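Participant: Before I ask anything, let me first share the structure, which is written out below as structure tokens.
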Amino acid sequence: QVQLVESGGGLVQPGGSLRLSCAASGSIFRLYLMGWYRQAPGTQRELVATITSGGSTNYADSVKGRFTISRDNAKNTVYLQMNSLKPEDTAVYYCYVLVSGFGYWGQGTQVTVSS
């Protein structure tokens, strides 16, 4: 079993920044893919960004140039630095990891961008 602990969400004004963290623990042998998804009320969960164990990244077009995903393999932790936040970034952000072919989700952390 894999446990994911997320942190870093909160309320921020438009143009502000937040940094999300997600630490994985448990039965981790091959932690290949780590990433973030988000879900706003009334919408489907969508990809924000992913990063492989080798450092290859993928971003949603809506966050390119504003968000940066990174990971610390020694700590099994993935980060999402979010800059120039917009009201439309408001959502619950979920950490996702792919371990030995199985996907696991975090509990979600709320990000609210509002003045």
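The values are calculated or read from the model by the stated rules, or taken from the named source; none is laboratory data. All figures in this text were calculated on a predicted structure; none of them were measured in a lab. Because the Cβ atoms are built from the backbone with ideal geometry, glycine has one as well, and the counts that use them run over all protein chains shown. Calculation scope for accessible area: heavy atoms of the full protein, side chains included, ligands and nucleic acids excluded. Shrake-Rupley method; radii C 1.70, N 1.55, O 1.52, S 1.80 Å.
Here's the yes/no breakdown for (1) farther than 17 Å from Pro41 by Cβ; (2) among the aromatic types (Phe, Trp, Tyr):
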| position | (1), (2) |
| --- | --- |
| Asn76 | yes, no |
| Tyr79 | yes, yes |
| Asn83 | yes, no |
| Tyr94 | no, yes |
| Val97 | yes, no |
| Phe102 | yes, yes |
| Trp105 | yes, yes |
| Gln110 | no, no |
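Participant: For the structure I just gave you, tell me whether Gln39 is touching a residue at least 24 places away in the same chain (Cβ under 8 Å), open to solvent by 50 Å² or more (accessible area, probe 1.4 Å) and in contact with a Gly (Cβ under 6 Å, 6 or more places away or on another chain).
Facilitator: Against the criterion (touching a residue at least 24 places away in the same chain (Cβ under 8 Å), open to solvent by 50 Å² or more (accessible area, probe 1.4 Å) and in contact with a Gly (Cβ under 6 Å, 6 or more places away or on another chain)), Gln39 does not qualify.
Participant: Follow-up question, since we're still on this one. If you check Ser62 against the conditions, is it out of contact with any strand residue (DSSP E or B) (no Cβ under 8 Å at 6 or more places or on another chain) and not aliphatic (A, V, I, L, M)?
Facilitator: yes
Participant: Among the residues of segment 104-115, count how many are open to solvent by less than 40 Å² (accessible area, probe 1.4 Å) and assigned to a strand (DSSP E or B).
Facilitator: Residues that pass the stated criteria total 3.
Participant: Being loosely packed, with under 13 Cβ neighbours inside 10 Å and either modelled with pLDDT of 95 or more or not charged (D, E, K, R) (or both) is the requirement here; does Gln13 meet it? Walk me through how you get there before you give the answer.
Facilitator: Working: loosely packed, with under 13 Cβ neighbours inside 10 Å: yes; either modelled with pLDDT of 95 or more or not charged (D, E, K, R) (or both): yes.
Here the answer is yes, as Gln13 does meet what is asked.
Participant: Ok, one more. Based on this model, can you work out whether Leu20 counts as closer than 19 Å to Ala74 by Cα, open to solvent by 20 Å² or more (accessible area, probe 1.4 Å), touching a residue at least 24 places away in the same chain (Cβ under 8 Å) and of a type in the set (A, V, I, L, M, F, W, C)?
Facilitator: No: the conditions fail for Leu20.
Participant: Tell me whether segment 49-71 contains one or more residues that are surrounded by fewer than 16 Cβ atoms within 10 Å (Cβ to Cβ), assigned to a loop (DSSP other than H, G, I, E, B) and touching a residue at least 40 places away in the same chain (Cβ under 8 Å). Walk me through it before giving the result.
Facilitator: Let us first name the residues in segment 49-71 that are surrounded by fewer than 16 Cβ atoms within 10 Å (Cβ to Cβ), namely 52-58, 60-62, 64-66, 70.
Those still in the list that are assigned to a loop (DSSP other than H, G, I, E, B) too: 53-56, 60-62, 64-66.
Subset that is touching a residue at least 40 places away in the same chain (Cβ under 8 Å): none.
Within segment 49-71, not a single residue is surrounded by fewer than 16 Cβ atoms within 10 Å (Cβ to Cβ), assigned to a loop (DSSP other than H, G, I, E, B) and touching a residue at least 40 places away in the same chain (Cβ under 8 Å).
Participant: Can Thr52 be described as closer than 19 Å to Glu6 by Cα, at pLDDT below 95 and in contact with a strand residue (DSSP E or B) (Cβ under 7 Å, 6 or more places away or on another chain)?
Facilitator: The answer is yes for Thr52.
Participant: Among the residues of segment 72-95, which ones are open to solvent by 50 Å² or more (accessible area, probe 1.4 Å), within 25 Å of Ile28 (Cα to Cα) and polar (S, T, N, Q)? Reasoning before the result, please.
Facilitator: The initial filter retains those residues of segment 72-95 that are open to solvent by 50 Å² or more (accessible area, probe 1.4 Å), namely 73-75, 81, 83-84, 86-88.
Imposing the further condition that a residue be within 25 Å of Ile28 (Cα to Cα) reduces the set to 73-75, 81.
Passing the criteria: Asn73, Gln81.
Participant: In contact with a strand residue (DSSP E or B) (Cβ under 7 Å, 6 or more places away or on another chain) and buried (at least 18 other Cβ atoms within 10 Å of the Cβ): does that describe Val5?
Facilitator: Against the criterion (in contact with a strand residue (DSSP E or B) (Cβ under 7 Å, 6 or more places away or on another chain) and buried (at least 18 other Cβ atoms within 10 Å of the Cβ)), Val5 does not qualify.
Participant: Same structure, new question: Does segment 15-28 include one or more residues that are closer than 18 Å to Gln110 by Cβ and more than 15 Å from the chain's Cα centre (by Cα)?
Facilitator: Yes: one or more hits.
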